[in-house]
1. At 1.4 Å probe size, with every protein chain present, just tell me what the per residue accessible area of the chain comes to in Å².
2. Give me the orientation-averaged projected area of the Cα convex hull of the range 1-85, in nm², one decimal.
3. Report ³J(HN,Hα) in whole Hz for each residue of the range 126-140, in order, from the Karplus equation J = 6.51 cos²θ - 1.76 cosθ + 1.60 where θ = phi - 60°; Gly and Pro get x.
4. Can you give the FRET efficiency to the nearest 0.05 for Gln59 and Ala130, using r as the Cβ-Cβ distance and R₀ = 41 Å?
5. What's the FRET efficiency of Ala36 with Ser66 using the Cβ-Cβ distance as r and R₀ = 30 Å, to the nearest 0.05?
6. Between Thr162 and Ala88, what FRET efficiency follows from the Cβ-Cβ distance if R0 is 35 Å, with the result rounded to 0.05?
7. Compute the semi-axes of the equivalent ellipsoid of the range 1-143, taking the square root of 5 times each eigenvalue of the Cα gyration tensor, and list them largest first in whole Å.
8. Quick one: of the DSSP bridges fully inside the range 1-110, what percent are antiparallel, nearest 5?
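The values are calculated or read from the model by the stated rules, or taken from the named source; none is laboratory data. This is a predicted model, so every value here is computed, not measured. Here the Cβ is made from the backbone with ideal geometry for all residues, glycine too, and neighbour counts use every protein chain on show. Side chains are part of the model used for accessible areas, which takes the heavy atoms of the whole protein and leaves out ligands, DNA and RNA. Shrake-Rupley method; radii C 1.70, N 1.55, O 1.52, S 1.80 Å.
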Amino acid sequence: MVIEMKQVALILSGCGVYDGAEIHESVLTLLALDEAGVKVTVAAPDGEQYHVIDHATGQPTGETRSMRTEAARIARGPVASVGALDAATFDAVILPGGFGAAKNISTFAIDGEDAKVHADVESFLIAAHAEGKPLGFLCISPAIAAQLFGPKHVQFTIGTDTEMAETLQHWGGKHSSCPVDDIVVDHNLKIVSSPAYMLAERIGDANIGIRKLVQAVLELCED
């Protein structure tokens, strides 16, 4: 009997916790997927990061950098354009966090309740969801789930930040407080979230929740 390999799209927002995709979260997700025997397509939106941060000083550099070019540092090679992806070809989608999720893919970090999601990412996630594909969101990226699926009353977590949770519930979703080593699963919408570096103080802390999220997403593929 031939067992078909699962295919997962990993959506990055650049490279680096302060201006792109969180590197530890991205790599830990890639490792968990690889160990599960999953084929991964790394993708990012076309366009520039909101800004570029010197991660040693925390200050903007004044440079401009492409999200896809920066994401290729993590992928160790070419990164697909989210706008060119066909949701029908994937079994699931996962988005690591990092401020790029709230600055580049979404504008939540800048615009709060008036935030918008990058058009290509929005179209892809909505198409994947419409086909019943599970979606996983880490760290701050559940803000994207709240924006897109709040009207469907999505259950999600960004950890234990009650003030931020209240803002995210503006779109209609329900936030659940969650420790770093656990996940929140919305079985109805097939959406999984975990706090990761919203709470993690060590890479090992983030790893526990990330592995649980990957496992839950893959299990939802079988539902």
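1. On the way: 9990 Å² over 223 residues.
Roughly 45 Å² per residue, with all protein chains present.
2. Numbers: hull surface 24.5 nm².
Reported value for the Cα convex hull: 6.1 nm².
3. Ordered by residue, 3J(HN,Hα) equals 5, 5, 4, 5, 4, 8, x, 7, x, 10, x, 10, 10, 6, 8 Hz.
4. Details: r = 42 Å, r/R0 = 1.01.
E between Gln59 and Ala130, to the nearest 0.05, is 0.50.
5. Values: r = 30 Å, r/R0 = 1.00.
About 0.50, to the nearest 0.05.
6. So the FRET efficiency works out to roughly 0.35.
7. Computed over the range 1-143, the values are 25, 17, 13 Å.
8. Working: 3 of 13 bridges.
For the range 1-110, the DSSP antiparallel bridge percentage is about 25.
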